[in-house]
Amino acid sequence: MTFIVLKGPRPVAPFIESVRTHADSEKDSLGFLPDSAYSQAAASGKLYIAVSEGVGEQNYAGHVLFGGTYPHIRVFQVYVIPKHRRRRIASLLVQSLIRDAEDDGYLSISARVATDLGPANAFWQHEGF
């Protein structure tokens, strides 16, 4: 199975409801954001979507939502649906963000994770944070 990252308002727009639904299902680990936050992030290019590509279709696999003020990016959410976890999709999303940030001259990317979320902290450490 092949996974790609969609970026920009038009490509991610069809997946906003999937992002909202999945993020809301994990409020304990991702936190709560109002519904409009996802649409606003998509419109401003601050929402990347990972999709699996099949014959003539793309299916939501996960997302990274970020913000910040130039020259600093802050990651607010990284999520991968359970059936696609352990396939390096979160890494694909984060590494795509890192490449784009470097290309655009950003100086730093940060993510805050509660200390009791061991797997999440291990992921960020593995990604070099």
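The values are calculated or read from the model by the stated rules, or taken from the named source; none is laboratory data. Bear in mind the structure is a predicted one, so any value in this text is a computation, not a measurement. Note that we place each Cβ from the backbone using ideal geometry, even for glycine, and neighbour counts take in every protein chain shown. Areas reflect the complete protein model, heavy atoms only, side chains present, ligands, DNA and RNA absent. Shrake-Rupley method; radii C 1.70, N 1.55, O 1.52, S 1.80 Å.
For first residues located in the range 14-39 and under 19 Å from Ala114 (Cβ atoms) and surrounded by fewer than 17 Cβ atoms within 10 Å (Cβ to Cβ), partners that are at pLDDT 90 or above and not acidic (Asp, Glu) and lie 6+ apart or on another chain with Cβ distances below 7 Å form the pairs Glu26/Tyr79. With the structure loaded, tell me whether Gly128 is part of a loop (DSSP other than H, G, I, E, B) and more than 15 Å from Leu6 (Cβ to Cβ) or whether it fails that test. So Gly128 fits the description; yes.
With respect to the conditions (1) of a type in the set (A, V, I, L, M, F, W, C); (2) touching a residue at least 60 places away in the same chain (Cβ under 8 Å); (3) open to solvent by 60 Å² or more (accessible area, probe 1.4 Å), Phe76 lacks only one, and its number is (2).
Scan the range 59-69 for residues that are farther than 19 Å from Val113 by Cα, open to solvent by 10 Å² or more (accessible area, probe 1.4 Å) and modelled with pLDDT of 95 or more and the total you get is 2.
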